[in-house]
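Trainee: Structure below; questions to follow.
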Amino acid sequence: MGTVALEGLEFHAFHGVYPHERESGNWFMVDIVVETDFSKGAASDDLSGTVNYEILFSIIKDEMDKPSKLLETVAMKIVNDVLEQLPAAISVDLKISKLNPPIGGKCQRAAVHVVKKRD
């Protein structure tokens, strides 16, 4: 077993409950770790035996491009899409952070963290 990860992905997106968040957007950071058995891919030096992180990025970007009110919604869609589209994925650990969230005080980021295993 091993993991494939993308860390510190940054997106300007339009997620949020408040109208001004959905109009002007905000910056978000995404970290994802996918558990997989890449021993066959490593032994054969073949991408088909592991999780292709280019496809992983594409799944995340596609969902970040769709405005949602809740980060929980975005996170669950990404996790479910990864498990559906990447058969080598055994589990997904995803964290989405909204930078400088509008909470009425100083806060570097608000985050949602989801871990899901394949059924």
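The values are calculated or read from the model by the stated rules, or taken from the named source; none is laboratory data. Every value quoted in this text rests on a predicted model; they were computed, and no experiment measured them. Neighbour counts are summed over all protein chains in view; Cβ atoms, including those assigned to glycine, are modelled from backbone coordinates with ideal geometry.
Trainee: Out of the residues in region 1-35 meeting the condition of being within 17 Å of residue 73 (Cβ to Cβ) and touching a Phe, Trp or Tyr at 6+ places or on another chain (Cβ under 6 Å), tell me which one is modelled with the lowest pLDDT.
Mentor: In this case the residue turns out to be 22.
Trainee: Out of 16, 2, which single residue is in contact (Cβ under 8 Å) with a residue 60 or more places away in the chain, surrounded by 13 or more Cβ atoms within 10 Å (Cβ to Cβ) and more than 14 Å from the chain's Cα centre (by Cα)?
Mentor: The unique qualifying residue is 16.
Trainee: Moving on to the next point. Quick check on my filter: what residues within region 66-98 are outside any loop (DSSP other than H, G, I, E, B) and more than 25 Å from residue 4 (Cβ to Cβ)?
Mentor: The first filter runs over region 66-98 and keeps only residues outside any loop (DSSP other than H, G, I, E, B), leaving 71-85, 89-98.
Listed by number, the list is empty, since nothing qualifies.
Trainee: Among residues belonging to region 36-62 that are of a type in the set (S, T, N, Q), surrounded by fewer than 14 Cβ atoms within 10 Å (Cβ to Cβ) and modelled with pLDDT under 95, point out the one that is nearest to residue 15 (Cα to Cα).
Mentor: The extreme case among them is 48.
Trainee: Can residue 65 be described as farther than 17 Å from residue 11 by Cα and either under 14 Å from the mean Cα position of the chain (by Cα) or modelled with pLDDT under 95 (or both)? Step through it out loud before you land on a result.
Mentor: Details: farther than 17 Å from residue 11 by Cα: no; either under 14 Å from the mean Cα position of the chain (by Cα) or modelled with pLDDT under 95 (or both): yes.
So residue 65 does not fit the description; no.
Trainee: Let me ask something else about it. Name the residues in region 49-65 that are within 26 Å of residue 2 (Cβ to Cβ) and among the charged types (D, E, K, R), would you?
Mentor: Listed by number, the residues that qualify are 54, 61, 62, 63.
Trainee: Can you say whether residue 73 is modelled with pLDDT under 95 and over 10 Å from the mean Cα position of the chain (by Cα), as far as the supplied structure shows?
Mentor: Considered against the rule, which asks whether it is modelled with pLDDT under 95 and over 10 Å from the mean Cα position of the chain (by Cα), residue 73 comes out as no.
Trainee: Right, something else. Scanning for something surrounded by 13 or more Cβ atoms within 10 Å (Cβ to Cβ) and farther than 23 Å from residue 21 by Cβ, does region 94-108 turn up at least one residue? Write out each step before concluding.
Mentor: Taking region 94-108 first, the residues surrounded by 13 or more Cβ atoms within 10 Å (Cβ to Cβ) are 94-99, 101-102.
When the remaining residues are screened for being farther than 23 Å from residue 21 by Cβ, the result is none.
No: region 94-108 contains no residue that is surrounded by 13 or more Cβ atoms within 10 Å (Cβ to Cβ) and farther than 23 Å from residue 21 by Cβ.
Trainee: Quick check on my filter: what residues within region 110-119 are surrounded by fewer than 14 Cβ atoms within 10 Å (Cβ to Cβ) and either assigned to a strand (DSSP E or B) or among the aromatic types (Phe, Trp, Tyr) (or both)?
Mentor: Those that are surrounded by fewer than 14 Cβ atoms within 10 Å (Cβ to Cβ) and either assigned to a strand (DSSP E or B) or among the aromatic types (Phe, Trp, Tyr) (or both): 113, 115, 117.
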